[in-house]
Amino acid sequence: MRTEEKTLEVSLVKRVCPTCTKEVDAEIVMNTRLTTFDAKNVKEMHGKVVGMLDHPCEDCKKAAPDGIYFVGIDPEKGGKQEHELWRTGNVIALKKSAVKRMMPDADISKGYTYCQDSLIESIKQAAGMS
Ligand SMILES: [Zn+2]
C-alpha cells in the first residue's frame with residue numbers, strides 16, 4: 001500500500017526575543033510550491049527557532065510598556081549579525097520620553113537597542129541604581 005504524500009504543510013515557527021532571549025511562537029509558514037519536497041521541509045520547521053523578533057516579546061512589553069530596552073553587549077566578542085552578538089546579561093529599560101531627551105538621534109523604533117555595558121552602568125549611576 002502506498003501512503004499518500006502530502007504536498008502542503010503548515011508549521012508554527014519560533015523566534016527569540018532580543019531583550020529576554022525567550023523563544024516565542026512567531027509565525028505560521030507554509031510551502032508555496034506544492035511539492036512533497038517543499039512540504040517535508042516546512043513540516044520539519046515546526047516548533048523550530050528561525051530567527052529573532054524585531055521587537056521585544058509581549059512579556060517584555062508588559063514589563064515596560066513605555067520603555068526602550070538597552071541590551072548590553074561586548075563588541076570584542078561574538079559576531080556582527082544580531083544573533084551572534086555577545087550578550088553580557090545586562091538589560092535595562094528607560095522611558096521612551098527620557099531616551100528621546102537624552103539621545104535624540106537614537107533609533108528607538110524597535111523598542112530595544114544594543115549598547116556597551118559602560119552605557120548601562122552610566123545610566124544606572126545617573127539613576128542612583130548602583
Ligand atoms: Zn522578551
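Here, each number is a calculation from the coordinates, and none is a lab measurement. Keep in mind it's a predicted model, so treat the numbers as computed, not measured. We place every Cβ from the backbone using ideal geometry, glycine too, and count neighbours over all the protein chains shown.
Could you check region 90-108 and list, in sequence order, the residues that are surrounded by 15 or more Cβ atoms within 10 Å (Cβ to Cβ) and either polar (S, T, N, Q) or part of a strand (DSSP E or B) (or both)?
Asn90, Val91, Ile92, Ala93, Leu94
With the requirement that a residue be at positive phi, within 16 Å of the ligand (Cβ to nearest atom) and surrounded by 12 or more Cβ atoms within 10 Å (Cβ to Cβ), what does region 45-89 give you?
The answer is Gly51, and nothing else.
Kindly provide the set of residues from region 109-122 that are surrounded by 15 or more Cβ atoms within 10 Å (Cβ to Cβ) and part of a loop (DSSP other than H, G, I, E, B), ordered by number.
Answer for region 109-122, where residues must be surrounded by 15 or more Cβ atoms within 10 Å (Cβ to Cβ) and part of a loop (DSSP other than H, G, I, E, B): just Gly111.
Search region 88-102 for residues that are in contact (Cβ under 8 Å) with a residue 40 or more places away in the chain and within 15 Å of Ser130 (Cα to Cα) and pair each with any residue that is among the small types (Gly, Ala, Ser) and surrounded by 13 or more Cβ atoms within 10 Å (Cβ to Cβ) when their beta-carbon atoms are under 7 Å apart and the residues are at least 6 apart or on different chains.
Val91/Gly72
For region 18-35, give me each residue that is surrounded by fewer than 14 Cβ atoms within 10 Å (Cβ to Cβ) and more than 16 Å from the ligand (Cβ to nearest atom).
Glu27, Ile28, Met30, Thr32, Arg33, Leu34, Thr35, listed by residue number.
If you take the residues of region 2-17 that are surrounded by 14 or more Cβ atoms within 10 Å (Cβ to Cβ) and under 30 Å from Glu84 (Cα atoms), which of them is farthest from the ligand (Cβ to nearest atom)?
Ser11
Residue check, Val42 against (1) surrounded by 17 or more Cβ atoms within 10 Å (Cβ to Cβ); (2) β-branched (Val, Ile, Thr); (3) within 12 Å of the ligand (Cβ to nearest atom), all met but one. Which one?
In the conditions (1) surrounded by 17 or more Cβ atoms within 10 Å (Cβ to Cβ); (2) β-branched (Val, Ile, Thr); (3) within 12 Å of the ligand (Cβ to nearest atom), Val42 misses (3) alone.
Could you list all residues from region 24-80 that are among the charged types (D, E, K, R), assigned to a loop (DSSP other than H, G, I, E, B) and closer than 30 Å to Glu4 by Cβ?
Arg33, Lys48
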